[in-house]
Amino acid sequence: MSVAALLLCAGKGERLAAGVPKPLAPLAGRPLFAWSLESLQRCPAIAGIVMVGPVARLKELLAASGHSMEKIVAWTEGGRERQQSVARGLHVLPEGFTTVAVHDCARALVSADLISRVVADALAHGAALAAVPMEDSLKRVSLHQVEETVPRAGLWRAQTPQAFRRDWLEEAHRTVKGVATDDAALVEALGHPARITPGDPLNFKITTRQDLELAEAWLAARAVRS
């Protein structure tokens, strides 16, 4: 069974305020999207990669950096919304790939090991996603007043990658109406439960300048250790 990954690089990143789209923002001397791409390239479970985003700029940056493109099998522009970007990636994905992993490049610190574990669970169960259990107390708030304390037992924070049987994911994008926050929600709407793969707190989504600085600090510390 051949597994491909859709790497979503179409975010605007307005809260990051980097002066460029978030996927192109510099992180430790490289474009942010290149860190996720490297992990996908190193992951033995991934046979092909579809790049979804500003194609000309992505190609230009990769060529300038000398980054390997050997696993990249297709390119496509992103859509206005995340769901449209995934649908476009599926549209250009070559035949022969039976399982699809979807990853947001904003989670730049994803490891090849986590990708492999999510893919293994998807191959065994049809659908899987990385997630971490909630640790903080949860409050439902209105007008800055606590209305309710929500029990956190059984609550997990979803991450990417998320991986699915290709036919399930394509059917979900073709038939499920409305906007979903992730692809797992679309596949679940078809009646296919997704398996939870224990994620990684370091696999956080870079959204703000503080997130970017935290990722920079962790990468600098890793470079010193190595």
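The values are calculated or read from the model by the stated rules, or taken from the named source; none is laboratory data. Keep in mind that this is a model prediction, so the values were computed, not measured. Please note: Cβ atoms are built from the backbone with ideal geometry, for glycine as well, and neighbour counts cover all protein chains shown. Protein only, heavy atoms only, side chains kept; ligands, DNA and RNA dropped before computing areas. Shrake-Rupley method; radii C 1.70, N 1.55, O 1.52, S 1.80 Å.
Observations
- Per residue accessible area of the chain, 1.4 Å probe, in Å²: 51
- Sites Glu60 and Asp113 - FRET efficiency at Förster radius 30 Å, r taken between beta-carbons, to 0.05: 0.50
- Descending by average beta-carbon neighbour count within 10 Å, the peptides 85-97, 154-166 line up as 154-166, 85-97, the highest first.
- Of (i) 18.0; (ii) 22.4; (iii) 13.7, the label for mean projected area of the Cα convex hull in nm² derived from the coordinates: (iii)
- Pairwise centroid distance, computed over Cα atoms, of the range 1-59 with the range 198-221, Å: 15
- Applying 1/(1 + (r/R0)^6) with R0 = 25 Å to the Cβ-Cβ distance of Lys12 and Arg222 gives a FRET efficiency near 0.30.
- Positive contributions from Lys and Arg (+1) and negative ones from Asp and Glu (-1), summed over other residues with Cβ under 11 Å from the Cβ of Pro133, come out at 0.
- Here the Karplus curve 6.51 cos²θ - 1.76 cosθ + 1.60, taken at θ = phi - 60°, turns the phi angles of the range 19-30 into couplings of x, 9, x, 3, x, 9, 5, x, 9, 6, x, 9 Hz, with x standing for Gly and Pro.
- Karplus-derived 3J(HN,Hα) values for the range 140-153, using 6.51 cos²θ - 1.76 cosθ + 1.60 with θ = phi - 60°, are 8, 10, 9, 6, 6, 10, 6, 9, 6, 9, 8, x, 8, 4 Hz; glycine and proline are entered as x.
- Placing R0 at 35 angstrom, the Cβ-Cβ distance between Leu214 and Glu81 gives a FRET efficiency of 0.85 after rounding to 0.05.
- Net length available on complete extension from Met134 to Ala74 is 18.0 nm, with 0.36 nm assigned per residue and the Cα-Cα distance removed.
- Our estimate of slack between Ser2 and Thr207, defined as 0.36 nm per intervening residue step minus the Cα-Cα distance, is 70.6 nm.
- Theoretical gain in end-to-end length, Val141 to Asp167 [0.36 nm per residue, Cα-Cα removed]: 5.4 nm
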